Amino acid sequence: MKKRSRRRFLAGPYTVMLAALLAVLLFFLIQAIFHSAVYALLPLLFLILGFSVATESLFWRTAVSLLPLLLFFLLEQVWSRSETFSIGFIVYVFVLFGAASAMCGQVYWRMRHARDASWEQYLKEQSAANLNAQLLTASTMDELCALTMQSIYNITECPTVLFFPDEKGRLKRRRSHPEGLLLYSGEAAEACFRRGGPAGRGTAWCEKSALYCLPVQVDGKTLAVVGLLTGDAYPADPQPLQIAESLLLCFAVAMERLSAIEQAQKNLMEKELEHIRTDFLRSISHDLRTPLTGIIGACSALEQPGVSLNEDARRSLVNGIGQEAAWLLQMVENLLSVTRVGSCAPKLKISSEPVEEVLAEVLEKARSRYPSVRLQIRQPEELLLVPMDPNLIVQVLINLIDNASKYSPSPAVVELTVEERERDVQISVADFGKGMTEEELSSLFEPLLPRTGDSTHGMGLGLSICKSIIKAHGGSIEGKNRKPRGAVFTITLPKEERL
Amino acid sequence: MSGVPPTVLIVEDERYILKVLETILTSDGYRVIMAQSAAGARSSIFSHMPDLILLDLGLPDADGVQLLQETRKWTKIPVIVVSARNMERDKVASLDNGADDYITKPFSAPELLARIRAVLRRREPTPGNEDRYCVGDFQIDFAKRLVTVDGEIIRLTQVEYRIVEFIARHPGKVLTYGHIIRHIWGPYADTENNRILRVNMSNIRRKIERDSMAPQYILTEIGVGYRMAEQA
């Protein structure tokens, strides 16, 4: 502030020289016109008053009022060689002019300071309001943190670091500005977090620390800690720190808002999953009973005393038990997946997986389970890493292949195509079967309710599982008929992990 | 199988499964002892010193991984972990804690017997030829640091070779991503992010496998790690 106003005015010595020069010119001018210096006194007063506001420092201001007067009287003495002014009068003029210019300058500068201060205040409020708006529109926690760190850095001119507590309550560095600044949580940050007030350099707590730490609080609860690398500067100017503190309040509110939104989204998703689960369980109890009936029946036939079965009949019964059990197994695997994408179960185990490894696994599994299906795979040449829970995605693809094989004449040909797009990856499973009817298309991913006399094992279940798995990955799935024949199911998985 | 039949300790709390496993193993010529709890398993290991332990991870009185850790402190008895599907975390934990292999429930009798045979075979000292490993057309000469497929020399980068060598030194054993990363990139490497390993593996596959969609030499255990194919 001071720097700026000083730059706008002439430096003190120049002002004084200019004033003195003008006083000399004025003297000659008045002397030429009126042949008396008395008339020059009034213009001289104005000149001095005018110049006395030109510089802020008291010394130069005094010089500006005194030097021109001094020159003026000297010239007058030299020029007219007469006693126009008495010594008393000269002293009187000096005192009067000096007091007038001092007062005038004082008033001017005080007003000026007040104006500058209010302008500064206005600018700060404006930027705080802007920042607040930005904070409230930040859509991710990272964005929010980055914005806040940068703003605090701009205001305080101190490198800034943000710590968040982890599950165990230990502080972990989350973000810093300038980025890449490696500052680790120390005792000061911990103290700040525990007591919920400032700690570190310049405070009574851990004053030896390099960081000055401020808590990020909402409703008395400390959410995070911000550390400022104040260096030796602290506490030269407390004002930026005060602004930073008020900014942290906005930050805390914005954080609360974000987490509330996240929570709401999570609730919505959990509700959806809950819905899928209930439907699923309702329809599965019927489906599970059918193969179990077969197994129990076959067992009782096998152990029936007195009845001798021939080798063929025995083998076919055992074979049947095996097949029904295998089907039950797949059903149970699906069930496990549903509980897995649910809320209370362990979360998805997401990692960056090479698509080719996942497809190789699908290929191997499909080969043993559906020996009659011919799988054709098309995928990009270069390695494609996609964040996913590999076992669940394998299961989705197996379900889709299972579906395709059921809708296709034997031997079924199924095409698996991987396509990389800008933000996501599409994997489609296409068959050359009879396609789907309008009715089937409309309720493709809803768990089919058991229909009487339905001999095929519950098909729709597999698809509804696929949908819930893909949704839990933040992706989408769609199914449609394709020309000239057959159906295609496409799953889309985002390349970036969505938090 | 000549001489004394190998003793297998089955640790499993489900009585019926225990019965089935016993039937499968005895009919294949193994001597079987059984334990239904971690406590029972501990005393059985001490008193019988089995040749192999078949360990179910879900025990009523203790965590299977914990039992495995205890056992590994004093003995190298081969352990095959039996785990339910979808429990990759347990698989990885038990492999990292010294399990020799794992098998996923449900499994068929031939699958189980094959795993047991493979683990027992691996325990026997391999006859000579320690400086070379080959499976099918794939051959790695540890002394010359040379990998050939079908007689053709494969050019691998330094890191790629070290990965292949490390996996080939433990044929048949599943090596978890974390284990490989720690070995290749050092103990401070970020094992959570196995991206770098996956990228390298993809390049290796492109160089050594005929069809990277159906790898023959380095096999993927999805969600767990990699395994070198064993000599037939």
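Rule-based calculations on the coordinates, nothing more; no lab input. As the structure is a prediction and not an experimental result, all values here were calculated from the model. Don't worry about glycine lacking a Cβ; one is built from the backbone with ideal geometry, like all the others, and counts go over all protein chains shown.
Summary table
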item	result
Peptide A:349-359 - average C-beta neighbours from other chains (10 Å radius)	5
0 to 90° range, to nearest 10: angle between helix B:158-168 axis and chain B longest Cα axis	30
GNM flexibility winner over chain B from B:LEU67, B:LEU95, B:LEU55 (Cα, springs under 10 Å)	B:LEU67
Cut-off 13 Å between beta-carbons: net charge of the residues surrounding A:VAL216, Lys and Arg +1, Asp and Glu -1	0
Spatial separation of Cα centroids for segment B:43-86 and segment A:196-257, in angstrom	52
Separation in nanometres of the label points that stand 7 Å from Cα toward Cβ, at B:CYS134 and A:ALA11	8.9
Highest to lowest packing among A:293-302, B:197-206, A:199-208, scored as the average C-beta count within 10 Å	B:197-206, A:199-208, A:293-302
C-alpha long axis of helix A:41-52 to longest principal axis of chain A, angle in °	20
Interatomic Cα distance distribution for segment A:408-448, bins of 10 angstrom, percent	23, 34, 38, 5
Percent RCO, i.e. relative contact order, over chain A, from Cα pairs under 8 Å lying at least 6 residues apart	8
Rounded D (µm²/s) - segment A:105-179, Kirkwood Rh over Cα pairs, Stokes-Einstein at 4 °C, 1.567 mPa s	87
Selection from A:LEU144, A:SER285, A:GLY479 lying farthest towards where the dipole of the protein assembly as shown points positive, charges on Cβ	A:LEU144
Tail beyond 14 Å, pair distance distribution of segment A:219-278 (Cα, percent)	71
Prolate/oblate/rounded call for segment B:15-56, Cα gyration tensor, a/c under 1.5 rounded	oblate
Net dipole in debye of chain B [+1 Lys, Arg Cβ; -1 Asp, Glu Cβ; about Cα centre; nearest 20]	420
Unit charges on C-beta of K, R, D, E only; dipole of chain A, Debye	1460
Shape call, segment A:316-424: gyration tensor on alpha carbons, a/c limit 1.5	oblate
Formal net charge of residues neighbouring A:SER464 (Cβ-Cβ distance under 9 Å; K, R +1; D, E -1)	-1
q = 0.26, 0.27, 0.32, 0.34 Å⁻¹: log10 I(q)/I(0) that the Debye formula gives for segment B:193-232, counting C-alpha atoms only	-0.97, -1.02, -1.23, -1.27
Binned Cα-Cα distance frequencies in chain A - 10 Å width, integer %	3, 13, 15, 12, 11, 11, 9, 7, 5, 5, 4, 3, 1, 1, 0, 0
Stokes-Einstein diffusion coefficient of chain B, Kirkwood radius over Cα pairs, 25 °C, 0.890 mPa s, in µm²/s	130
Rule-of-thumb Rg ratio for segment A:2-130 [Cα; 2.2 N^0.38 Å; N residues]	1.33
Shielding by other protein chains, A:144-153, mean Cβ within 10 Å	0
Dipole magnitude of segment A:2-130 about its Cα centre (Cβ charges: Lys, Arg +1; Asp, Glu -1), debye to nearest 20	600
Folded to 0 to 90 degrees: helix A:58-80 orientation relative to chain A principal axis, Cα	30
Per residue convex hull volume, Cα atoms of segment A:75-228, in Å³	230
A:GLN376/B:GLU70 FRET efficiency (R0 51 Å; Cβ-Cβ; nearest 0.05)	0.55
Value of Rg to Rh for segment B:81-209 (Rh from inverse mean 1/r over Cα pairs, i.e. Kirkwood)	0.98
Radius 13 Å from Cβ of B:ALA214, net charge of other residues (Lys, Arg +1; Asp, Glu -1)	-2
Helix-only mean residue ellipticity at 222 nm for chain B, each DSSP H run of n ≥ 4 adding -39500 (n - 2.57), per residue, nearest 500	-12000 deg cm²/dmol
Helix-derived mean residue ellipticity, 222 nm - over chain A, DSSP H n ≥ 4, -39500 (n - 2.57), to 500	-20500 deg cm²/dmol
Label point 7 Å beyond Cα of A:SER36 along Cβ direction - residues of segment A:86-105 with amide nitrogen under 20 Å	A:86-94
Peptide A:326-335, shielding by other chains (average Cβ, 10 Å cutoff)	1
Ellipsoid equivalent to segment B:7-123 - semi-axes via the Cα gyration tensor, in Å	18, 16, 15
